[in-house]
Amino acid sequence: MPKQETSIFAVMSALALENKAINLSQGFPDFKVSTQLINLVHKYMKKGKNQYAPMTGIPELREQISQKFESLYGAKYDFQKEINITAGATQALHTAIAATINEADEVIVFEPSYDSYVPVIKMHGGIVKFAQLKLPDYHIEWDEVKMLITSRTRMIIINSPHNPTGSILREEDMKMLDKLTRNTDIIILSDEVYEHLIFDGKRHESICHYPELIQRSYVVGSFGKTFHATGWKLGYVIAPENLMEEFRKLHQFVVFACNTPIQYAIAEYMTDKSVYMNLGHFYQDKRDQFLKLIKNSRFKIIPSYGTYFQLLDFSGITDETEIDFAIRMTKEYKLASIPVSVFYHKNADNKVLRFCFAKKEDTLKKAAEILCKI
Ligand SMILES: Cc1ncc(COP(=O)(O)O)c(C=O)c1O
């Protein structure tokens, strides 16, 4: 990968550390994982659950996932044949792409896009066709997607709630996706890692609400996002049996199996639905708290409907590029963010920065004080 540079998240986090800046750049919480969950990991380690788990993941956890998808989305997935535990969503995404994309296959990706999709598609010989999410609300123009679909289109990647913008797909979007891909063999890769981080009473438009789409889709989730434990790198993929068979052929040689005691701990923890069902309210409060604190700043707020990211438009403040301003803000004002331009493959500069609000009240207050001074 001669042209691949170091990820912006690593760059900005290092810059934040070097400048002792508050780090709202990378998407990780600065508060604690539930003590109950930590105690469960401890319990299973002491019980001796420390050797390889089955390649597919422990059945108890897959059963919990199956039950969750049935109760939340009305979708029935066979935990033996259609659910697999992965080393975070990143590995699930990688393996799903690697298992299905061949030389010269086309993949439609929406920009701005999470940074791991494109390099993986290219690594496997795929051709990326970019569709643009339209400002100011970052919605999909389905006519554009229609124009991009060809006989070589093998996959469309969707992500809702969306990183970096906090936008969400609506029912109309899912119906359009269904209409455009019906009677084709286009695979949908649906990145739903923020499924529980959705606000203002909106419904998460999972693929799993749509029986036609389910038949052609990989759906990817992340326990790191859901349980404030991004460092544990545990996630899952669900898909119909034919797609899962292909996934597993590869998965067995990528990681083979994932962290055993954490799988047992999460399986037990998930029996209480409230541990994930209350997450939307928890993060909505954080978003609202952050927005209230910065309401008198000169930044323009772009609504966030989900995830733990808030976009702020700085066009009323400076003409600098997003990258220059983000770097200057880190060095001079001691606050790190992510320029949204890095989520595009070429020169988009809309004067928008991404801030992660998965932070303690005190961190958010300090960050807001800085933003109000700029
Ligand atoms: C949209 C999206 N997909 C996937 C991931 C990766 O999740 P994990 O940490 O479980 O690998 C992230 C993490 O930031 C993300 O934002």
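The values are calculated or read from the model by the stated rules, or taken from the named source; none is laboratory data. Computed from a predicted structure; not experimentally measured. Please note: Cβ atoms are built from the backbone with ideal geometry, for glycine as well, and neighbour counts cover all protein chains shown. When the accessible area is computed, the model is the full protein with side chains, heavy atoms only, and any ligands, DNA or RNA have been set aside. Shrake-Rupley method; radii C 1.70, N 1.55, O 1.52, S 1.80 Å.
So here's what we get for this one:
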item	result
When residues of the stretch 319-374 are limited to those that are touching a Gly at 6+ places or on another chain (Cβ under 9 Å) and within 12 Å of Phe290 (Cβ to Cβ), the one surrounded by the fewest Cβ atoms within 10 Å (Cβ to Cβ)	Ala358
One residue from Ile186, Ile157, Ile149, Ile207 being over 17 Å from the mean Cα position of the chain (by Cα) and open to solvent by less than 20 Å² (accessible area, probe 1.4 Å)	Ile186
Some residue of the stretch 91-99 being buried (at least 18 other Cβ atoms within 10 Å of the Cβ), away from the ligand (no atom under 16 Å from the Cβ) and small (Gly, Ala, Ser)	yes
Only one of Lys175, Lys233, Lys179 that is open to solvent by 30 Å² or more (accessible area, probe 1.4 Å), at pLDDT 95 or above and near the ligand (Cβ under 10 Å from one of its atoms)	Lys233
Top-ranked residue in the stretch 106-117 [being within 12 Å of the ligand (Cβ to nearest atom) and closer than 18 Å to Glu322 by Cβ; ranked as surrounded by the fewest Cβ atoms within 10 Å (Cβ to Cβ)]	Asp115
Some residue of the stretch 216-227 being away from the ligand (no atom under 14 Å from the Cβ) and in contact with a Leu (Cβ under 9 Å, 6 or more places away or on another chain)	yes
Filtered residues of the stretch 118-146 (kept if of a type in the set (Val, Ile, Thr) and open to solvent by 40 Å² or more (accessible area, probe 1.4 Å))	Ile127
Given (1) under 23 Å from Ala14 (Cα atoms); (2) open to solvent by less than 30 Å² (accessible area, probe 1.4 Å); (3) within 16 Å of the ligand (Cβ to nearest atom), number of the condition Gly306 does not satisfy	(1)
The stretch 283-337 - residue that is polar (S, T, N, Q) and assigned to a helix (DSSP H, G or I) and, of those, nearest to Leu169 (Cα to Cα)	Gln284
